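Student: Attaching a single structure in C-alpha coordinates format; questions to follow.
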Amino acid sequence: MRIAVLTSGGDSAGMNAAVRAVVKTGILKGCEVYVVREGYEGLVRGNTEWAEAEGQRVNTSATESVKQEVEINQYQAGSDNVNLLENLRFGDGELLKDGTSEFVGGRTLKGRYIVRVGWDDVRGWFSQGGTLIGTARSMTFKTVEGRRAAAHNLVKEGIDALVVCGGDGSLTGADVFRREWPDLLSNLYETSLITEEQLKKHGHLKIVGLVGSIDNDMSMTDLTIGAPTALHRICEAIDNINSTAYSHSRAFVVEVMGRDCGWLAVLAGVAGGADFVFIPERPPQVPWEDAMCAEIHRHREVGKRKTIVLVAEGAQDADLNPIKAEYVKQVLSERLGLDTRVTTLGHTQRGGRPCALDRILPTLQGVEAVNALLESDESTPSYMIGLHENKIVRVPLMEAVEQTRAVTRAVKAKDYDKALELRGSEFKE
Ligand code: ATP
(Lines give C-alpha, C1' and ligand atoms only; values in the text may rest on other atoms or scores of the structure.)
Protein backbone atom coordinates (compact mmCIF):
# COMPACT_ATOMS: atom_id res chain seq x y z
CA MET A 1 0.00 0.00 0.00
CA ARG A 2 1.15 3.55 -0.69
CA ILE A 3 0.13 5.89 2.10
CA ALA A 4 0.36 9.68 2.05
CA VAL A 5 0.10 11.80 5.18
CA LEU A 6 -0.62 15.53 5.37
CA THR A 7 -1.25 18.17 8.02
CA SER A 8 -3.92 20.80 7.37
CA GLY A 9 -5.58 23.86 8.92
CA GLY A 10 -4.04 25.54 11.95
CA ASP A 11 -0.84 23.90 13.19
CA SER A 12 -0.79 22.22 16.55
CA ALA A 13 1.91 20.66 18.70
CA GLY A 14 2.03 16.92 18.17
CA MET A 15 1.37 16.99 14.43
CA ASN A 16 4.99 16.00 13.79
CA ALA A 17 4.68 13.08 16.17
CA ALA A 18 1.58 11.97 14.26
CA VAL A 19 3.42 12.15 10.92
CA ARG A 20 6.38 10.30 12.43
CA ALA A 21 4.16 7.53 13.75
CA VAL A 22 2.37 7.11 10.41
CA VAL A 23 5.67 7.04 8.50
CA LYS A 24 7.40 4.57 10.80
CA THR A 25 4.41 2.28 11.27
CA GLY A 26 3.74 2.32 7.53
CA ILE A 27 7.33 1.36 6.73
CA LEU A 28 7.38 -1.34 9.40
CA LYS A 29 4.22 -2.82 7.92
CA GLY A 30 5.65 -2.92 4.42
CA CYS A 31 4.01 0.22 2.96
CA GLU A 32 5.58 3.01 0.97
CA VAL A 33 4.94 6.27 2.78
CA TYR A 34 4.75 9.78 1.35
CA VAL A 35 4.33 13.16 2.98
CA VAL A 36 2.29 15.88 1.32
CA ARG A 37 3.73 19.31 2.03
CA GLU A 38 1.54 22.34 2.72
CA GLY A 39 -1.67 20.45 3.42
CA TYR A 40 -4.32 20.10 0.72
CA GLU A 41 -2.56 22.80 -1.29
CA GLY A 42 0.31 20.34 -1.81
CA LEU A 43 -2.12 17.68 -3.00
CA VAL A 44 -3.57 20.11 -5.52
CA ARG A 45 -0.16 21.22 -6.79
CA GLY A 46 1.42 17.76 -6.80
CA ASN A 47 4.82 17.19 -8.34
CA THR A 48 6.02 19.26 -11.22
CA GLU A 49 7.47 17.25 -14.07
CA TRP A 50 10.41 18.76 -15.91
CA ALA A 51 12.03 18.25 -19.29
CA GLU A 52 15.01 19.67 -21.11
CA ALA A 53 13.95 21.64 -24.16
CA GLU A 54 16.42 23.76 -26.12
CA GLY A 55 18.75 23.80 -23.15
CA GLN A 56 16.03 25.08 -20.83
CA ARG A 57 14.28 23.18 -18.11
CA VAL A 58 10.61 23.11 -18.93
CA ASN A 59 7.64 22.30 -16.78
CA THR A 60 5.78 19.51 -18.50
CA SER A 61 3.12 18.86 -15.91
CA ALA A 62 0.49 20.14 -18.26
CA THR A 63 1.31 17.70 -21.02
CA GLU A 64 2.24 14.87 -18.65
CA SER A 65 4.35 13.26 -21.30
CA VAL A 66 7.97 13.73 -20.41
CA LYS A 67 9.94 12.77 -17.36
CA GLN A 68 13.01 14.73 -16.43
CA GLU A 69 16.24 12.82 -15.94
CA VAL A 70 17.77 15.02 -13.27
CA GLU A 71 14.67 14.92 -11.21
CA ILE A 72 14.42 11.19 -11.41
CA ASN A 73 18.08 10.69 -10.49
CA GLN A 74 17.91 13.14 -7.69
CA TYR A 75 14.64 12.30 -6.09
CA GLN A 76 13.48 8.86 -7.04
CA ALA A 77 12.72 6.90 -3.94
CA GLY A 78 15.55 4.64 -2.96
CA SER A 79 15.92 2.55 0.16
CA ASP A 80 13.82 3.52 3.09
CA ASN A 81 16.96 4.49 4.94
CA VAL A 82 17.80 7.24 2.49
CA ASN A 83 17.01 10.64 3.92
CA LEU A 84 14.73 11.68 1.11
CA LEU A 85 13.21 14.69 2.78
CA GLU A 86 16.62 16.13 3.62
CA ASN A 87 17.62 15.70 -0.02
CA LEU A 88 14.60 17.66 -0.99
CA ARG A 89 15.12 20.44 1.45
CA PHE A 90 18.86 20.84 1.08
CA GLY A 91 19.28 19.55 -2.47
CA ASP A 92 21.93 20.94 -4.83
CA GLY A 93 19.73 23.82 -5.86
CA GLU A 94 19.79 22.98 -9.58
CA LEU A 95 16.15 23.71 -10.02
CA LEU A 96 16.54 26.88 -7.98
CA LYS A 97 19.14 28.30 -10.41
CA ASP A 98 16.60 28.16 -13.19
CA GLY A 99 14.18 30.16 -11.13
CA THR A 100 11.82 27.24 -11.28
CA SER A 101 11.70 26.41 -7.61
CA GLU A 102 8.76 27.34 -5.49
CA PHE A 103 8.78 28.94 -2.10
CA VAL A 104 5.99 28.25 0.27
CA GLY A 105 6.27 28.89 3.97
CA GLY A 106 9.85 30.11 3.45
CA ARG A 107 11.14 26.79 2.22
CA THR A 108 12.39 25.64 -1.12
CA LEU A 109 9.98 23.14 -2.52
CA LYS A 110 11.38 22.74 -6.01
CA GLY A 111 8.00 21.98 -7.42
CA ARG A 112 7.52 18.81 -5.41
CA TYR A 113 4.79 18.50 -2.84
CA ILE A 114 4.27 14.76 -2.59
CA VAL A 115 7.50 13.25 -1.36
CA ARG A 116 8.35 9.70 -0.44
CA VAL A 117 9.99 9.57 2.96
CA GLY A 118 12.23 7.07 4.68
CA TRP A 119 12.77 6.00 8.27
CA ASP A 120 15.40 8.62 9.08
CA ASP A 121 13.46 11.54 7.65
CA VAL A 122 11.23 11.68 10.70
CA ARG A 123 13.82 10.89 13.35
CA GLY A 124 13.18 12.91 16.53
CA TRP A 125 10.08 14.61 15.16
CA PHE A 126 8.06 13.92 18.30
CA SER A 127 9.82 16.75 20.12
CA GLN A 128 9.33 19.41 17.42
CA GLY A 129 6.58 22.01 17.57
CA GLY A 130 4.30 23.02 14.69
CA THR A 131 4.35 20.86 11.58
CA LEU A 132 7.58 20.26 9.69
CA ILE A 133 5.81 19.26 6.47
CA GLY A 134 3.91 22.54 6.43
CA THR A 135 0.24 23.31 6.56
CA ALA A 136 -2.01 25.67 4.63
CA ARG A 137 -5.59 26.71 4.20
CA SER A 138 -6.28 25.79 0.59
CA MET A 139 -9.13 27.58 -1.16
CA THR A 140 -8.43 25.57 -4.32
CA PHE A 141 -9.14 22.28 -2.57
CA LYS A 142 -12.57 23.62 -1.69
CA THR A 143 -13.43 23.60 -5.40
CA VAL A 144 -14.21 20.47 -7.44
CA GLU A 145 -11.48 21.42 -9.91
CA GLY A 146 -8.96 21.56 -7.07
CA ARG A 147 -10.03 18.17 -5.74
CA ARG A 148 -9.89 16.74 -9.25
CA ALA A 149 -6.26 17.92 -9.57
CA ALA A 150 -5.56 16.44 -6.12
CA ALA A 151 -7.05 13.08 -7.16
CA HIS A 152 -5.00 13.14 -10.35
CA ASN A 153 -1.80 13.81 -8.42
CA LEU A 154 -2.47 10.96 -6.01
CA VAL A 155 -3.14 8.53 -8.87
CA LYS A 156 0.02 9.69 -10.66
CA GLU A 157 2.05 8.84 -7.56
CA GLY A 158 0.21 5.52 -7.18
CA ILE A 159 -1.09 6.49 -3.74
CA ASP A 160 -4.19 4.67 -2.50
CA ALA A 161 -4.47 5.74 1.14
CA LEU A 162 -4.43 9.13 2.86
CA VAL A 163 -4.00 10.19 6.48
CA VAL A 164 -5.17 13.74 7.20
CA CYS A 165 -4.23 15.41 10.47
CA GLY A 166 -6.19 18.62 11.03
CA GLY A 167 -9.21 20.26 12.56
CA ASP A 168 -12.88 19.82 11.74
CA GLY A 169 -12.53 21.80 8.48
CA SER A 170 -9.72 19.56 7.28
CA LEU A 171 -11.65 16.43 8.20
CA THR A 172 -14.73 17.78 6.42
CA GLY A 173 -12.53 18.22 3.36
CA ALA A 174 -11.30 14.63 3.74
CA ASP A 175 -14.85 13.36 3.89
CA VAL A 176 -15.92 15.35 0.81
CA PHE A 177 -12.86 14.06 -1.07
CA ARG A 178 -13.57 10.46 -0.26
CA ARG A 179 -17.25 10.70 -1.21
CA GLU A 180 -16.41 12.36 -4.51
CA TRP A 181 -13.51 10.06 -5.35
CA PRO A 182 -15.36 7.71 -7.78
CA ASP A 183 -16.76 10.67 -9.76
CA LEU A 184 -13.40 12.44 -9.80
CA LEU A 185 -11.72 9.34 -11.16
CA SER A 186 -14.40 8.73 -13.81
CA ASN A 187 -13.94 12.30 -14.92
CA LEU A 188 -10.15 11.92 -15.10
CA TYR A 189 -10.60 8.77 -17.16
CA GLU A 190 -13.14 10.36 -19.51
CA THR A 191 -10.76 13.24 -20.16
CA SER A 192 -7.93 10.75 -20.80
CA LEU A 193 -5.85 11.96 -17.89
CA ILE A 194 -5.66 8.50 -16.37
CA THR A 195 -5.63 5.06 -17.97
CA GLU A 196 -8.23 2.33 -17.58
CA GLU A 197 -5.71 0.40 -15.53
CA GLN A 198 -5.29 3.36 -13.14
CA LEU A 199 -9.06 3.76 -12.94
CA LYS A 200 -9.47 0.14 -11.88
CA LYS A 201 -6.51 0.14 -9.49
CA HIS A 202 -7.49 3.37 -7.70
CA GLY A 203 -11.25 2.93 -7.64
CA HIS A 204 -11.31 3.40 -3.88
CA LEU A 205 -9.41 5.92 -1.72
CA LYS A 206 -8.89 4.97 1.90
CA ILE A 207 -8.87 7.93 4.27
CA VAL A 208 -8.24 8.17 7.99
CA GLY A 209 -8.44 11.39 10.00
CA LEU A 210 -6.37 12.39 13.01
CA VAL A 211 -7.61 15.41 14.94
CA GLY A 212 -4.95 18.10 15.24
CA SER A 213 -6.47 21.14 16.94
CA ILE A 214 -5.41 23.18 19.93
CA ASP A 215 -9.02 24.04 20.82
CA ASN A 216 -10.15 20.46 21.64
CA ASP A 217 -13.27 21.27 19.67
CA MET A 218 -13.96 17.96 17.94
CA SER A 219 -16.87 15.77 18.98
CA MET A 220 -16.51 12.02 19.54
CA THR A 221 -13.02 12.30 20.98
CA ASP A 222 -11.98 13.29 24.49
CA LEU A 223 -8.81 15.06 23.42
CA THR A 224 -7.34 16.50 20.23
CA ILE A 225 -3.67 16.55 19.28
CA GLY A 226 -2.11 19.85 20.42
CA ALA A 227 -4.72 20.82 23.03
CA PRO A 228 -2.67 19.60 26.05
CA THR A 229 0.41 21.58 24.94
CA ALA A 230 -1.64 24.73 24.33
CA LEU A 231 -3.07 24.34 27.83
CA HIS A 232 0.47 24.07 29.22
CA ARG A 233 1.48 27.27 27.40
CA ILE A 234 -1.51 29.13 28.85
CA CYS A 235 -0.74 27.88 32.35
CA GLU A 236 2.87 29.03 32.05
CA ALA A 237 1.66 32.46 30.91
CA ILE A 238 -0.83 32.73 33.77
CA ASP A 239 1.91 31.74 36.25
CA ASN A 240 4.01 34.61 34.94
CA ILE A 241 1.11 37.03 35.06
CA ASN A 242 0.14 35.85 38.56
CA SER A 243 3.44 36.91 40.07
CA THR A 244 3.24 40.46 38.77
CA ALA A 245 -0.51 40.65 39.46
CA TYR A 246 0.09 39.59 43.06
CA SER A 247 2.98 42.04 43.55
CA HIS A 248 0.94 45.05 42.40
CA SER A 249 -2.44 43.72 43.52
CA ARG A 250 -3.61 44.09 39.93
CA ALA A 251 -6.29 42.54 37.79
CA PHE A 252 -5.44 40.91 34.47
CA VAL A 253 -7.85 40.05 31.71
CA VAL A 254 -6.24 37.28 29.66
CA GLU A 255 -7.56 36.42 26.22
CA VAL A 256 -6.99 32.81 25.23
CA MET A 257 -7.78 30.85 22.07
CA GLY A 258 -11.08 29.06 21.59
CA ARG A 259 -13.25 30.34 18.75
CA ASP A 260 -16.13 27.96 19.32
CA CYS A 261 -14.91 25.96 22.26
CA GLY A 262 -14.10 27.03 25.81
CA TRP A 263 -12.09 23.94 26.80
CA LEU A 264 -8.77 25.80 26.98
CA ALA A 265 -10.25 28.71 28.95
CA VAL A 266 -12.10 26.54 31.48
CA LEU A 267 -9.21 24.20 32.20
CA ALA A 268 -6.66 27.03 32.27
CA GLY A 269 -8.99 28.76 34.73
CA VAL A 270 -8.88 25.72 37.00
CA ALA A 271 -5.13 25.20 36.59
CA GLY A 272 -4.22 28.87 36.91
CA GLY A 273 -6.59 30.01 39.65
CA ALA A 274 -8.79 32.35 37.60
CA ASP A 275 -11.61 34.32 39.23
CA PHE A 276 -13.98 34.39 36.27
CA VAL A 277 -14.01 32.67 32.86
CA PHE A 278 -15.97 33.58 29.71
CA ILE A 279 -16.55 30.86 27.11
CA PRO A 280 -18.71 30.58 23.97
CA GLU A 281 -20.85 27.63 25.06
CA ARG A 282 -21.97 28.89 28.46
CA PRO A 283 -22.75 32.61 28.09
CA PRO A 284 -23.42 34.55 31.28
CA GLN A 285 -26.84 36.12 31.62
CA VAL A 286 -27.13 39.79 30.72
CA PRO A 287 -26.13 41.96 32.54
CA TRP A 288 -23.13 39.75 33.28
CA GLU A 289 -21.13 42.73 34.48
CA ASP A 290 -23.00 42.64 37.83
CA ALA A 291 -22.34 38.93 38.36
CA MET A 292 -18.65 39.24 37.48
CA CYS A 293 -18.08 42.26 39.71
CA ALA A 294 -19.92 40.65 42.64
CA GLU A 295 -17.79 37.52 42.37
CA ILE A 296 -14.51 39.37 42.10
CA HIS A 297 -15.46 41.72 44.92
CA ARG A 298 -16.16 38.65 47.09
CA HIS A 299 -12.74 37.20 46.23
CA ARG A 300 -11.05 40.48 47.16
CA GLU A 301 -13.03 40.61 50.40
CA VAL A 302 -11.72 37.23 51.52
CA GLY A 303 -8.17 38.42 50.96
CA LYS A 304 -7.20 37.80 47.30
CA ARG A 305 -4.57 40.30 46.16
CA LYS A 306 -4.81 39.55 42.47
CA THR A 307 -7.59 39.00 39.93
CA ILE A 308 -7.44 36.90 36.77
CA VAL A 309 -10.31 36.88 34.27
CA LEU A 310 -10.02 34.57 31.26
CA VAL A 311 -11.83 35.37 28.03
CA ALA A 312 -11.97 32.78 25.24
CA GLU A 313 -11.68 34.51 21.87
CA GLY A 314 -15.18 33.37 20.90
CA ALA A 315 -16.81 34.31 24.23
CA GLN A 316 -20.27 35.79 23.98
CA ASP A 317 -23.12 36.92 26.19
CA ALA A 318 -26.63 35.45 26.30
CA ASP A 319 -27.66 37.76 23.43
CA LEU A 320 -24.77 36.35 21.36
CA ASN A 321 -22.83 39.65 21.53
CA PRO A 322 -19.05 39.11 21.71
CA ILE A 323 -17.41 39.69 25.09
CA LYS A 324 -14.17 41.54 24.48
CA ALA A 325 -11.20 41.65 26.86
CA GLU A 326 -10.88 45.45 26.59
CA TYR A 327 -14.49 45.91 27.69
CA VAL A 328 -14.02 43.52 30.64
CA LYS A 329 -10.97 45.60 31.65
CA GLN A 330 -13.06 48.77 31.49
CA VAL A 331 -15.74 47.25 33.73
CA LEU A 332 -13.20 46.07 36.32
CA SER A 333 -11.44 49.44 36.36
CA GLU A 334 -14.55 51.58 36.51
CA ARG A 335 -16.75 49.52 38.81
CA LEU A 336 -14.22 47.97 41.18
CA GLY A 337 -11.42 50.53 40.83
CA LEU A 338 -8.92 47.79 40.01
CA ASP A 339 -5.67 48.56 38.21
CA THR A 340 -6.41 46.29 35.25
CA ARG A 341 -4.32 45.15 32.27
CA VAL A 342 -5.15 43.07 29.22
CA THR A 343 -2.87 40.31 27.92
CA THR A 344 -3.67 38.53 24.67
CA LEU A 345 -1.70 35.32 24.51
CA GLY A 346 -2.23 34.85 20.76
CA HIS A 347 0.06 32.48 18.90
CA THR A 348 2.33 31.78 21.86
CA GLN A 349 -0.34 29.21 22.74
CA ARG A 350 0.27 27.24 19.55
CA GLY A 351 4.03 27.11 19.46
CA GLY A 352 6.83 25.31 21.16
CA ARG A 353 7.70 21.81 22.21
CA PRO A 354 4.89 19.31 22.57
CA CYS A 355 4.28 18.14 26.12
CA ALA A 356 4.49 14.39 26.86
CA LEU A 357 0.80 13.81 26.19
CA ASP A 358 1.11 15.47 22.77
CA ARG A 359 3.80 12.94 21.90
CA ILE A 360 2.02 9.90 23.32
CA LEU A 361 -1.45 10.60 21.89
CA PRO A 362 -0.37 11.26 18.28
CA THR A 363 2.03 8.33 18.37
CA LEU A 364 -0.63 5.87 19.49
CA GLN A 365 -3.17 7.40 17.11
CA GLY A 366 -0.73 7.41 14.18
CA VAL A 367 -0.13 3.69 14.68
CA GLU A 368 -3.88 3.09 14.83
CA ALA A 369 -4.39 5.17 11.66
CA VAL A 370 -2.11 2.85 9.68
CA ASN A 371 -3.76 -0.23 11.18
CA ALA A 372 -7.17 1.14 10.22
CA LEU A 373 -6.02 1.75 6.64
CA LEU A 374 -4.54 -1.72 6.32
CA GLU A 375 -7.69 -3.33 7.69
CA SER A 376 -10.20 -1.31 5.69
CA ASP A 377 -11.81 -2.11 2.38
CA GLU A 378 -14.47 -0.54 0.18
CA SER A 379 -17.22 -1.42 2.61
CA THR A 380 -15.53 0.20 5.63
CA PRO A 381 -16.32 3.84 6.42
CA SER A 382 -13.54 6.40 6.71
CA TYR A 383 -12.44 6.56 10.30
CA MET A 384 -11.36 9.30 12.59
CA ILE A 385 -9.00 8.12 15.28
CA GLY A 386 -10.17 9.41 18.64
CA LEU A 387 -9.62 8.94 22.34
CA HIS A 388 -12.44 7.63 24.51
CA GLU A 389 -12.04 6.91 28.21
CA ASN A 390 -8.28 6.55 27.78
CA LYS A 391 -8.55 4.18 24.86
CA ILE A 392 -7.59 4.87 21.27
CA VAL A 393 -10.72 4.29 19.19
CA ARG A 394 -11.91 4.40 15.59
CA VAL A 395 -15.08 6.39 15.01
CA PRO A 396 -16.83 7.09 11.70
CA LEU A 397 -15.30 10.26 10.30
CA MET A 398 -18.54 11.53 8.81
CA GLU A 399 -20.41 11.13 12.10
CA ALA A 400 -17.72 12.98 14.05
CA VAL A 401 -17.71 15.84 11.55
CA GLU A 402 -21.50 16.01 11.56
CA GLN A 403 -21.71 16.00 15.35
CA THR A 404 -19.12 18.78 15.57
CA ARG A 405 -21.17 20.88 13.16
CA ALA A 406 -24.26 20.20 15.24
CA VAL A 407 -22.50 21.77 18.26
CA THR A 408 -22.07 25.03 16.35
CA ARG A 409 -25.71 24.93 15.30
CA ALA A 410 -26.84 24.30 18.90
CA VAL A 411 -24.78 27.26 20.19
CA LYS A 412 -26.29 29.52 17.52
CA ALA A 413 -29.74 28.30 18.58
CA LYS A 414 -28.79 29.04 22.23
CA ASP A 415 -29.29 25.38 23.15
CA TYR A 416 -26.18 25.29 25.30
CA ASP A 417 -26.93 22.05 27.16
CA LYS A 418 -27.32 20.29 23.83
CA ALA A 419 -24.07 21.84 22.59
CA LEU A 420 -22.12 20.59 25.60
CA GLU A 421 -23.68 17.14 25.34
CA LEU A 422 -22.75 16.92 21.65
CA ARG A 423 -19.26 18.24 22.31
CA GLY A 424 -18.71 15.55 24.92
CA SER A 425 -17.27 12.20 24.10
CA GLU A 426 -20.57 10.36 24.04
CA PHE A 427 -20.97 8.37 20.88
CA LYS A 428 -22.32 5.13 19.63
CA GLU A 429 -19.68 2.46 19.64
P1 ATP B 1 -8.49 24.83 12.64
O2 ATP B 1 -9.27 24.11 13.71
O3 ATP B 1 -7.13 25.19 13.07
O4 ATP B 1 -9.24 25.99 12.02
P5 ATP B 1 -9.31 23.31 10.38
O6 ATP B 1 -8.87 22.02 9.80
O7 ATP B 1 -10.72 23.38 10.91
O8 ATP B 1 -8.26 23.74 11.48
P9 ATP B 1 -9.99 24.96 8.09
O10 ATP B 1 -9.36 26.22 7.60
O11 ATP B 1 -11.43 25.00 8.45
O12 ATP B 1 -9.09 24.47 9.31
O13 ATP B 1 -9.81 23.82 6.98
C14 ATP B 1 -8.53 23.52 6.47
C15 ATP B 1 -8.61 23.22 5.01
O16 ATP B 1 -9.46 22.08 4.80
C17 ATP B 1 -9.23 24.32 4.15
O18 ATP B 1 -8.31 25.32 3.83
C19 ATP B 1 -9.66 23.54 2.93
O20 ATP B 1 -8.58 23.31 2.06
C21 ATP B 1 -10.10 22.20 3.53
N22 ATP B 1 -11.57 22.20 3.71
C23 ATP B 1 -12.27 22.70 4.74
N24 ATP B 1 -13.61 22.55 4.54
C25 ATP B 1 -13.74 21.95 3.35
C26 ATP B 1 -14.86 21.51 2.55
N27 ATP B 1 -16.12 21.68 2.95
N28 ATP B 1 -14.59 20.93 1.37
C29 ATP B 1 -13.34 20.74 0.94
N30 ATP B 1 -12.25 21.14 1.64
C31 ATP B 1 -12.43 21.72 2.81
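Student: Given the criteria open to solvent by 50 Å² or more (accessible area, probe 1.4 Å) and either β-branched (Val, Ile, Thr) or near the ligand (Cβ under 10 Å from one of its atoms) (or both), does Thr172 qualify?
Tutor: no
Student: Scan segment 21-40 residue by residue and report those that are in contact with a Ser or Thr (Cβ under 8 Å, 6 or more places away or on another chain) and surrounded by fewer than 24 Cβ atoms within 10 Å (Cβ to Cβ).
Tutor: If the condition is that a residue be in contact with a Ser or Thr (Cβ under 8 Å, 6 or more places away or on another chain) and surrounded by fewer than 24 Cβ atoms within 10 Å (Cβ to Cβ), then no residue fits.
The rows are residues; the columns are (1) open to solvent by less than 20 Å² (accessible area, probe 1.4 Å); (2) closer than 23 Å to Arg179 by Cα.
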{"residue": "Arg353", "(1), (2)": "no, no"}
{"residue": "Glu368", "(1), (2)": "no, yes"}
{"residue": "Tyr383", "(1), (2)": "no, yes"}
{"residue": "Ile392", "(1), (2)": "no, no"}
{"residue": "Glu402", "(1), (2)": "no, yes"}
{"residue": "Arg405", "(1), (2)": "no, yes"}
{"residue": "Tyr416", "(1), (2)": "no, no"}
{"residue": "Ala419", "(1), (2)": "yes, no"}
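Student: Say we look at segment 198-252 and pick out the residues that are under 22 Å from Asp168 (Cα atoms) and more than 16 Å from the ligand (Cβ to nearest atom); which of these is surrounded by the most Cβ atoms within 10 Å (Cβ to Cβ)?
Tutor: Among those that are under 22 Å from Asp168 (Cα atoms) and more than 16 Å from the ligand (Cβ to nearest atom), it is Lys206.
Student: Starting from residues that are of a type in the set (S, T, N, Q) and within 8 Å of the ligand (Cβ to nearest atom), keep the ones in segment 136-169 and report whichever is farthest from Val19 (Cα to Cα).
Tutor: Looking at the filtered set, the residue picked out is Thr140.
Student: Say we look at segment 1-48 and pick out the residues that are of a type in the set (D, E, K, R) and more than 16 Å from the chain's Cα centre (by Cα); which of these is farthest from the ligand (Cβ to nearest atom)?
Tutor: Lys29
Student: On the given criteria, is Gly124 without any contact (Cβ under 8 Å) to a residue 60 or more places away in the chain, over 23 Å from Met384 (Cβ atoms) and either away from the ligand (no atom under 16 Å from the Cβ) or touching a Gly at 6+ places or on another chain (Cβ under 8 Å) (or both)?
Tutor: yes
Student: Quick check: is even one residue across segment 201-219 in a helix (DSSP H, G or I) and more than 19 Å from Cys355 (Cα to Cα)?
Tutor: For segment 201-219, residues in a helix (DSSP H, G or I) and more than 19 Å from Cys355 (Cα to Cα): present.
The values are calculated or read from the model by the stated rules, or taken from the named source; none is laboratory data. Predicted, not measured: the structure shown is a model, and the values here were computed from it. Here Cβ is always computed from backbone atoms with ideal geometry, including for glycine, and neighbour counts include all displayed protein chains. Each accessible area value is taken on the protein alone, full model and side chains, heavy atoms only, with ligands, DNA and RNA left out. Shrake-Rupley method; radii C 1.70, N 1.55, O 1.52, S 1.80 Å.
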